[in-house]
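Since every read-out is calculated from the coordinates, none of them should be taken as a lab result. What you see is a predicted model, and the numbers here were worked out from it, not measured in a lab. A quick note on method: Cβ atoms are made from the backbone with ideal geometry, for glycine too, and the neighbour counts reach across all protein chains shown.
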Amino acid sequence: MVNFGNELSVISYGFVVYYVAGETLNGQRLIEFRLGPEADSEQGEGLAVASAELMVRAETTARAHRLRYTLWAFTVGANGSVGELAGAARRDPSHGWQRIDVTGATRRWAAEGAHRPLRLLLDCSGCGGRVRLRLGGAQAARPLLRLRLRPPPARRRRALDCDATEHGRCCRQTYYVSFRALGWDDWIVAPEGYYANYCRGACAPFLNYHSQVVEAARLERAACCAPVRFSALSLIYFGADSNIIKRDLPEMVVEECDCP
C-alpha cells in the first residue's frame, strides 16, 4: 500500500502522496507533495477529498518549551508567487508534530487534477529562531500530508460476503475496526481503521445437525468455515522519539472464506 523508497508518503483509501524536497522562496524552503504513480489510473475521476492535514515536526529548545507560536501555510503558484492562506494552527505543546488543516487548498489542488505538485510555504509567527521545522533530512521526520478521501461509490457485493450468499452457508462477514474507538488514534497516523472481517456459517453438507453428526463420525472431524485468503495491513505510526514508522502487518484482513 505504501512505498517508502525515496520519499516519505502517506496513504488514504489507496492513494499515495509523496513528499518532494522543494525549492526555496525568499530564503524559505517550500514543501511539495505529488501523487504517486499508483494513482495515475484514478486521476481522471478526480480525488474526492474529505479532509487534509499537514503534519510538520517542530522542535524547540528546552528553554523554549512554553513558547507560543502559530504556524501558517500558504499555497505557492507555478510562477513562484505566494498565493492564498492554506491553513494555520497554534502550537500544540503536547505533540512534537504540529497539525495544520489544509483541506480547502488540497480540494482545489485535487479539483484541478493534481497533475502538478501541491506547493506550500510555511511561516512561523512567534518562533523567533527558537523553533526548528523539520522540512527535510531523515525520512521519518519529513512533513506528511494526511488525506482522508470520501469512500468510492458502493459496488456490487461479491458472493463471498454474507449478505450476498444463501443464508447459513460459509461466508465472509465484514467487520470494521476503528482505531479512534480503541483510543489508538493518538499514535496511529494512518489508516483511521480497517476491515478485519471474519468467517461464519456452515459448510455443505453440514447444514443441519443430523447430517453434521453423521459426517463428523465418518470423517472424525467436521469441515469448518475458515479464512482461506488474507491480505496485509500497512500501518503508519509514531515510534520512539516521535519518528514515523511504516510497517506491513501480514494476514490482518480476511479476504475470502471457504470450507478447507
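So, in nm, how far is label SER81 from label HIS95 when the simple model puts each one 7 Å beyond its Cα toward the Cβ?
The answer from the label model is 3.4 nm.
At 0.36 nm per residue, minus the direct Cα-Cα distance, what do ASN243 and SER231 gain on full extension? Give it in nm, one decimal, please.
Here the segment from ASN243 to SER231 would lengthen by 1.7 nm.
Translational diffusion coefficient of region 42-137 at 37 °C, 0.692 mPa s, Stokes-Einstein with Kirkwood Rh over Cα pairs, in µm²/s as a whole number.
225 µm²/s
Any chance you could run the full-extension gain for ALA181 through GLU112? It's 0.36 nm times the residue separation minus the Cα-Cα distance, nm to one decimal.
21.4 nm
Okay, which of region 238-260 sit inside 12 Å, backbone N to the point 7 Å along the Cα-Cβ direction of TYR195?
Output list for this probe position: 253-256.
Could you calculate the FRET efficiency of LEU149 with SER125 from 1/(1 + (r/R0)^6), where r is the beta carbon distance between them and R0 is 35 Å, rounded to 0.05?
0.65
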